[in-house]
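The values are calculated or read from the model by the stated rules, or taken from the named source; none is laboratory data. Values in this document were obtained by computation on a predicted structure and should not be read as measured data. Ideal geometry is used to build each Cβ from the backbone, glycine not excepted, and the neighbour counts take in all protein chains shown. Heavy atoms of the whole protein, side chains included, go into the accessibility calculation; ligands, DNA and RNA do not. Shrake-Rupley method; radii C 1.70, N 1.55, O 1.52, S 1.80 Å.
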Amino acid sequence: MRIVAAKVIVTCPDRNFVTLKLTTDDGLTGVGDATLNGRELAVASYLRDHVCQLLIGRDAGRIEDTWQYLYRGAYWRRGPVTMAAVAAVDTALWDIKGKAAGMPVYQLIGGRSRDAVTVYGHATGATIPETLDQVASLLDQGYRAVRVQVGIPGLDKTYGVPQGGEPYEPATAGARPEEATWSTAKYLDFVPSLFAAVRERFGQGFHLLHDVHHRLTPIEAARLGKALEPYSLFWLEDPISEESHEGFRLIRQHTTTPIATGEVYNSIWDCRQLITEQLIDYIRTSVTHAGGITHLRRIFDLAALHHVRTGSHGPTDLSPVCLAAALHVDVAVPNFGIQEYMPHTGTTDAVFPHSYRFADGLMYPSEEPGLGVDIDEKAAAAYPYRQAYLPVNRLEDGSMHDW
Ligand code: CS2
Ligand code: MG
């Protein structure tokens, strides 16, 4: 089973996606997501100009060897661009292997460890009442876990809060990133009242999550974690920027609020210390940004040894190909925690036909051979790439800050 074609498809049905499609000499195809929000063309070029030609003629069945070949062989290892490219190849090869074996991929990675995948949905609003209404709607749909975000009085834009009623998409089309203003003081003063309002109205009967989105110092995060303890959060996500692992140690010293991080990590080496020293409770690495199914399982296996559970990143800026693959991993790994689920738009779903499904707060991976997702190249061709950037954040005095 030799690879005879490797195609990179860039499409923009509402937002940009980069997909790798591999074809073998016996006509099997496999797809992999390589989308890196705001830097899509860098990964597309890495694949087109450096990787695709290396795949032609290779034995499609040698997934681990191909992973090592692309990782070690690049000499320049790790990093978001390289690992998204390696991930796309790896994911496509698992898709092909499942089709060749006539089995869904989860059967190839150990079979089911559970009947379904618990997901969390996003409730967000410019005001607390708006967010509460979204919580109510998600609970009505059967969600057992809800992430809440809210606008902060005095700040024009806040992470996770859509502008103008549009579905939330952080990257905005244009030649320059939008600039937002941030105030930690305004945020820390206001955000606990959101959790008080949620628990007061809906009680404790569901998991409650929040994404700080990398914006606090360790002591500020410790203070927030402590202030939110009465509301028994499932997790507080990305409280600080991820480079400094010591910062998590300081947070741990002050609060028992569970901590999740890892969506911007690209390899096991980025999160090994946090996992082995149990400085976090959930690891949020994703199939697309952490080197594919092969490497993600390595990270999750290490986490399983250290009481750390999975909580994969699943925003709409990762394609349905990534979500399909994530559900196969989620249903198989022993230390599953939860999966993020932001439904893609109908236009995007039409470009990426798939057979995974959502029902009553749970998701089910496809039962078809392979991953159970594909890309409709004709439909994709109708949506050319549009330059878009993630916002940047500045403090009120103009200093650059983490977005
Ligand atoms: C976020 C993402 O979903 C999340 O947890 O952190 O929405 C993140 O902002 C985007 O993926 C960035 O592209
Ligand atoms: Mg996040």
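Restricting attention to the stretch 52-81, and to residues there that are β-branched (Val, Ile, Thr) and surrounded by fewer than 22 Cβ atoms within 10 Å (Cβ to Cβ), which single residue is nearest to the chain's Cα centre (by Cα)?
Kept after step one, since they are β-branched (Val, Ile, Thr), are these residues of the stretch 52-81: 56, 63, 66, 81.
Going one step further and asking which of them are surrounded by fewer than 22 Cβ atoms within 10 Å (Cβ to Cβ), we end up with 56, 63, 81.
On the way: ILE56: 29, ILE63: 23, VAL81: 15 Å.
Only one residue tops the list, namely VAL81.
Scan the stretch 67-110 for residues that are part of a loop (DSSP other than H, G, I, E, B) and either more than 24 Å from ASN266 (Cβ to Cβ) or small (Gly, Ala, Ser) (or both) and jot them down.
At the first step, the residues of the stretch 67-110 found to be part of a loop (DSSP other than H, G, I, E, B) are 73-79, 102-103, 109-110.
Within the stretch 67-110, GLY73, ALA74, GLY79, GLY102, MET103, GLY110 qualify.
Just the residues that are of a type outside the set (Ser, Thr, Tyr), in a loop (DSSP other than H, G, I, E, B) and crowded, with 20+ Cβ neighbours inside 10 Å, please, taken from the stretch 321-368. It would help to see each step written out before you state the result.
So the first thing to find is which residues in the stretch 321-368 are of a type outside the set (Ser, Thr, Tyr), and the list is 321-340, 342-344, 346, 349-354, 357-363, 365, 367-368.
Those left that are additionally in a loop (DSSP other than H, G, I, E, B): 333-338, 342-344, 352-353, 360-361, 365, 367-368.
Result: VAL333, PHE336, GLY337, ILE338, HIS344, PHE352, GLY361, PRO365.
Identify, by number, the condition in (1) within 16 Å of ligand 1 (Cβ to nearest atom); (2) within 28 Å of ARG72 (Cα to Cα) that ILE275 doesn't meet.
Failing condition for ILE275: (1).
Do you know which residues across the stretch 232-256 are out of contact with any strand residue (DSSP E or B) (no Cβ under 7 Å at 6 or more places or on another chain), surrounded by 15 or more Cβ atoms within 10 Å (Cβ to Cβ) and not in a helix (DSSP H, G or I)?
ILE240, SER241, HIS245, THR255
Might you check whether a residue that is more than 16 Å from ligand 2 (Cβ to nearest atom), over 24 Å from PRO334 (Cβ atoms), open to solvent by 10 Å² or more (accessible area, probe 1.4 Å) and β-branched (Val, Ile, Thr) occurs anywhere in the stretch 176-196?
The answer is yes; a qualifying residue exists.
Would you say TYR159 is surrounded by fewer than 19 Cβ atoms within 10 Å (Cβ to Cβ), within 14 Å of ligand 1 (Cβ to nearest atom) and more than 16 Å from GLN339 (Cα to Cα)?
Details: surrounded by fewer than 19 Cβ atoms within 10 Å (Cβ to Cβ): no; within 14 Å of ligand 1 (Cβ to nearest atom): yes; more than 16 Å from GLN339 (Cα to Cα): yes.
For TYR159, the condition - surrounded by fewer than 19 Cβ atoms within 10 Å (Cβ to Cβ), within 14 Å of ligand 1 (Cβ to nearest atom) and more than 16 Å from GLN339 (Cα to Cα) - is not met.
Would you confirm whether any residue within the stretch 133-146 is within 19 Å of LYS186 (Cβ to Cβ) and either more than 19 Å from the chain's Cα centre (by Cα) or open to solvent by less than 20 Å² (accessible area, probe 1.4 Å) (or both)?
Looking only at the stretch 133-146, we keep the residues that are within 19 Å of LYS186 (Cβ to Cβ), and these are none.
No, the stretch 133-146 contains no residue that is within 19 Å of LYS186 (Cβ to Cβ) and either more than 19 Å from the chain's Cα centre (by Cα) or open to solvent by less than 20 Å² (accessible area, probe 1.4 Å) (or both).
Let me spell it out: the conditions are (1) within 16 Å of ligand 1 (Cβ to nearest atom); (2) in contact with a helix residue (DSSP H, G or I) (Cβ under 8 Å, 6 or more places away or on another chain); (3) β-branched (Val, Ile, Thr); (4) in contact (Cβ under 8 Å) with a residue 40 or more places away in the chain, and VAL198 meets all of them except one. Which number is the exception?
Checking VAL198 against (1) within 16 Å of ligand 1 (Cβ to nearest atom); (2) in contact with a helix residue (DSSP H, G or I) (Cβ under 8 Å, 6 or more places away or on another chain); (3) β-branched (Val, Ile, Thr); (4) in contact (Cβ under 8 Å) with a residue 40 or more places away in the chain, the one that fails is (1).
Checking GLY125 against (1) closer than 18 Å to ILE63 by Cα; (2) surrounded by 13 or more Cβ atoms within 10 Å (Cβ to Cβ), which test does it fail?
Failed condition: (1).
Is at least one residue of the stretch 22-40 of a type outside the set (D, E, K, R), surrounded by fewer than 16 Cβ atoms within 10 Å (Cβ to Cβ) and under 17 Å from HIS289 (Cα atoms)?
First, the residues of the stretch 22-40 that are of a type outside the set (D, E, K, R): 22-24, 27-32, 34-38.
Filter once more, so that each one left must be surrounded by fewer than 16 Cβ atoms within 10 Å (Cβ to Cβ): 27.
With the extra rule that they be under 17 Å from HIS289 (Cα atoms), the set shrinks to none.
There is no residue in the stretch 22-40 that is of a type outside the set (D, E, K, R), surrounded by fewer than 16 Cβ atoms within 10 Å (Cβ to Cβ) and under 17 Å from HIS289 (Cα atoms).
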